[in-house]
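Colleague: Supplied in structure tokens, the structure appears directly below.
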Amino acid sequence: MRPDWQQVLEKVNAMDNGDNLICLFELLLTEDERQAIAGRLRVFQLLLEGQLSQRQIAAEYEVSIATITRCSNYLKNMSPALRQRISTLIQ
């Protein structure tokens, strides 16, 4: 059986309250994975704010330069409309 990302998204979307969503994420993700996702979200927020350099983000938030570079490259390669949508969603 091949993993199906769409099925995961459907399960997340079907959660009827925050407690159930937390329970699902704790089931599916290790603590390290949850921390990595939280760190990546913070990096995207900080990059979109544009107040700190990548090195400052790495030092202050203990995130690897590689993660910051991947996030930065992703933002650079998206359309302005998608970038605005993402910014609205995560700020």
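Colleague: Heavy-atom accessible area per residue, segment 9-82, 1.4 Å probe: how many Å²? Don't skip to the answer; put the middle values down first.
Modeller: Numbers: 5330 Å² over 74 residues.
With the other protein chains kept in place, segment 9-82 gives 72 Å² per residue.
Colleague: Taking the chain as a Gaussian network, where each spring joins two C-alpha atoms under 10 Å apart, which residue of ALA59, ALA36, ALA81 fluctuates the most?
Modeller: In this elastic network of the chain, the residue with the biggest mean-square fluctuation among ALA59, ALA36, ALA81 is ALA81.
Colleague: What length, rounded to one decimal in nm, is gained on full extension from ASN77 through to LEU89, with 0.36 nm per residue of separation minus their alpha-carbon distance?
Modeller: Full extension from ASN77 to LEU89 adds 2.5 nm.
Colleague: Cβ under 12 Å from ARG42's Cβ, ARG42 left aside: what net charge do those residues give with Lys, Arg +1 and Asp, Glu -1?
Modeller: Around ARG42, the surrounding residues sum to -2.
Colleague: Now, a different point. Just the Kirkwood number for the chain, please: inverse of mean 1/r across all distinct Cα pairs, in Å, one decimal.
Modeller: 15.0
Colleague: Something else about it: When the accessible area of the chain is computed with all protein chains present and a 1.4 Å probe, what percentage of it is carbon and sulfur?
Modeller: Heavy-atom surface of the chain belonging to carbon and sulfur, 1.4 Å probe: 54 percent.
Colleague: Let me ask you something else. Ordering MET15, MET78 by accessible area with a probe of 1.4 Å, largest first, what comes out?
Modeller: So, going from the largest accessible area down, we get MET15, MET78.
Colleague: Turning to a different aspect of this structure: With N residues in segment 1-51, what two-decimal value do you get for its Cα radius of gyration over 2.2 N^0.38 Å?
Modeller: The value comes to 1.40.
Colleague: Which distance in Å, rounded to a whole number, links the C-alpha centroids of segment 61-91 and segment 1-57?
Modeller: 14
Colleague: Which GluC sites (Glu not before Pro) in segment 30-91 pass both tests, a DSSP loop state and at most 10 other beta-carbon atoms within 10 Å?
Modeller: Hits after loop and neighbour filter: GLU62.
The values are calculated or read from the model by the stated rules, or taken from the named source; none is laboratory data. Just so it is clear, the structure is predicted and the values come from calculations on it, not from any experiment. Neighbour counts are summed over all protein chains in view; Cβ atoms, including those assigned to glycine, are modelled from backbone coordinates with ideal geometry. Accessible surface areas use protein heavy atoms only, side chains included; no ligands, DNA or RNA. Shrake-Rupley method; radii C 1.70, N 1.55, O 1.52, S 1.80 Å.
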